[in-house]
Amino acid sequence: MRTQVVIIGAGPAGLTLGRLLERAGIDAVILERRSADYVLGRIRAGVLEQSSVELLDEIGVGERMRKEGIPHDGVELSFDGDMLRIDFQDLIGRKVMIYGQTEVTKDLMDARAASGAVTIYKAGDVSLHDFGGASPKVRYVKDGVSREIACDFIAGCDGSHGVSRSSVPEDAVQTFERVYPFGWLGVLVDKPPVADELIYAHHQRGFALCSMRSHTRSRYYVQVDAGEKVEAWPDGRFWDELRARLNPDVAERLQTGPSIEKSIAPLRSLVAEPLRFGRLFLAGDAAHIVPPTGAKGLNMAFHDVRILAEALIEHYAEKSDAGIDAYSSRVLARTWKTERFSWWMTSLLHTFPETGPFGRRIQRAEFDYLASSRAAQESLAENYTGLPG
Ligand code: APR
Ligand code: PHB
């Protein structure tokens, strides 16, 4: 088989890139290790920046999001129970959209299926070849048979544990990483959200987040030590811990019920440099990871693939490689700013075993400064709703 671009991974990055290329008349095949149902079963964040909303509209998959998504004008922060609302709309005239990553993925998958573009699910043993030269190839195994696709370019959209980044020679790529000494224990529940907007809470017992998927389905998180096991957290313990970390009035309003999903996600920051290796590009989680504080992962993936699609379109339509040559530096420039914001929100809101009383006073000062400074709030709003290009 031959195609123009092989995309590895059918997460949001791969599917969105596929859609952008398809609309530009560029052929692409997506190879995904898992089944479509497995991909849709993964529960992830659900906050879309304004530019992500616009991108989904632009590529013709925004209809359900516009109907079922919930626009939010701001978020609430809570510090040891003291509440502070950050009003994006008033501060900078922007907003975000609450719409789960699972739904975004489903809409993209449906659009791709309707268009007839090729996605090969359950593709095993994917391997990348000759991307340093002019004729890259990707091999994989499907139904026990080995196959090969010849292509012009490979897009590594295969997430943090994918094969693309690890196919690059070790001395050609540098990774910058920070592992946090805690994770988030998340619970999904069919109860209305405790508040109209998200609440990010710092408490001396640890961080907590009140989020939502719809007006009837809520998503809550509490910070737990690295190494904690889900089995140690029956629903009752989770709800008690969450309530203890919230403002008492909020805690009283919390509606609890049986969890319909419960899992622990570790927190990590990681950036790979560079993001282009000959005819191989990394995008999305394959290129960088952020801790979920600030919900930037999905939005970063959208940003990467928009730039990558532009570069590939320029290559085919204008016979210019300027965009391809600039891909890595363009993406990295924005990536590091978003990494900084995710790290900053994580640092403000979590308890760190090593910081001690001095570190806690600094966190309190940061919160008080935010509460008293419109400039500081504007900075938060600008980053949360998404930095420009
Ligand atoms: N071969 C083929 N597919 C693979 C391989 C492989 N060797 N390894 C991983 N994949 C697939 C995964 O099964 C997954 O479906 O690549 C896909 C990567 O999707 P995501 O992990 O969702 O990453 P991405 O598309 O970059 O989306 C970024 O999703 O993971 C969240 O926090 C992240 O919100 C961010 C967004
Ligand atoms: C979520 O709803 O799962 C969510 C929301 C905001 C975050 C992280 C996760 O910052």
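The numbers here are math on the coordinates, done by the rules we state, and not lab data. No experiment lies behind these values; they were computed from the predicted model shown. Note that we place each Cβ from the backbone using ideal geometry, even for glycine, and neighbour counts take in every protein chain shown.
Listing for the model above:
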| item | result |
| --- | --- |
| Cα centroid separation, region 324-389 to region 52-100 (Å) | 18 Å |
| Packing-based order for 286-296, 139-149, 320-330, using average beta carbon neighbours within 10 Å, highest first | 286-296, 320-330, 139-149 |
| Linear extension gain, Arg361 paired with Asp321, 0.36 nm per residue minus alpha-carbon span | 9.3 nm |
| 3J(HN,Hα) from dihedral phi, region 190-197, Karplus parametrisation 6.51/-1.76/1.60, rounded to Hz, x for glycine, proline | 7, 9, x, x, 5, 9, 6, 10 |
| Whether region 341-389 is rounded, prolate or oblate, judged on the alpha carbon gyration tensor where a/c under 1.5 counts as rounded | oblate |
| Point-charge dipole on Cβ atoms (K/R +1, D/E -1) for the chain, about Cα centre, debye to 20 | 480 debye |
| Cβ-Cβ FRET estimate between Glu58 and Asp27, R0 fixed at 22 Å, reported to 0.05 | 0.60 |
| Descending Cα extents along the principal axes, region 212-334, whole Å | 61, 33, 24 |
| Cross-link table Lys106/Lys319; Lys142/Lys337; Lys122/Lys296; Lys106/Lys191; Lys262/Lys296, entries beyond 32 Å C-alpha to C-alpha | Lys106/Lys319; Lys142/Lys337 |
| Average silhouette area of region 153-197, convex hull of alpha-carbon atoms, in square nanometres | 6.9 nm² |
| Region 261-389: C-alpha pair distances exceeding 22 Å, % | 48 percent |
| Convex hull per residue volume in Å³, alpha carbons only, for region 83-148 | 246 Å³ |
| For region 125-131, 3J(HN,Hα) per residue [Karplus equation, 6.51 cos²θ - 1.76 cosθ + 1.60, θ = phi - 60°, Hz, x = Gly/Pro] | 6, 5, 9, 10, 9, 6, 6 |
| Rounded to whole Å, sorted largest first: equivalent-ellipsoid semi-axes of region 1-58, Cα gyration tensor | 22, 18, 6 |
| Cα gyration tensor, region 9-141 - rounded (a/c under 1.5), prolate or oblate | prolate |
| At most 10 other Cβ within 10 Å, DSSP loop - GluC sites (Glu not before Pro), region 327-375 | Glu354 |
| Segment Thr216-Ala375, length gained on full extension (0.36 nm per residue, minus Cα span) | 53.7 nm |
| Two-site FRET efficiency, Tyr38 against Ala114, from Cβ-Cβ distance with R₀ of 22 Å, rounded to 0.05 | 0.55 |
| Spin-label model distance (nm) - Asp125 vs Glu354, 7 Å beyond Cα toward Cβ | 4.3 nm |
| Bridge type composition, the chain - antiparallel percent by DSSP, nearest 5 | 75 percent |
| Length added when fully stretched, Glu314-Val179, from 0.36 nm per residue minus Cα-Cα | 44.8 nm |
| For peptides 239-249, 305-315, sequence by mean Cβ density within 10 Å, most packed first | 305-315, 239-249 |
| Using θ = phi - 60° and Karplus 6.51 cos²θ - 1.76 cosθ + 1.60, couplings along region 28-44 (whole Hz; Gly, Pro as x) | 9, 10, 9, 10, 10, 5, 9, 7, 4, 5, 5, 4, 6, x, 7, 9, 9 |
| Qualifying aspartates and glutamates (Cα of each under 17 Å from Cα of Lys95; at least 8 residues distant if same chain) | Glu49, Glu54, Asp57, Glu68, Asp73, Glu76, Asp87, Asp196, Glu197, Glu378, Glu382 |
| Calculated FRET value between Arg66 and His161, using beta carbons and R₀ = 41 Å, to 0.05 | 0.80 |
| Principal axis dimensions, largest first and in whole angstrom, of the chain by Cα | 61, 41, 40 |
| Diffusion constant of region 224-286 at 4 °C, which comes from Stokes-Einstein with the Kirkwood Cα-pair radius and 1.567 mPa s, µm²/s | 83 µm²/s |
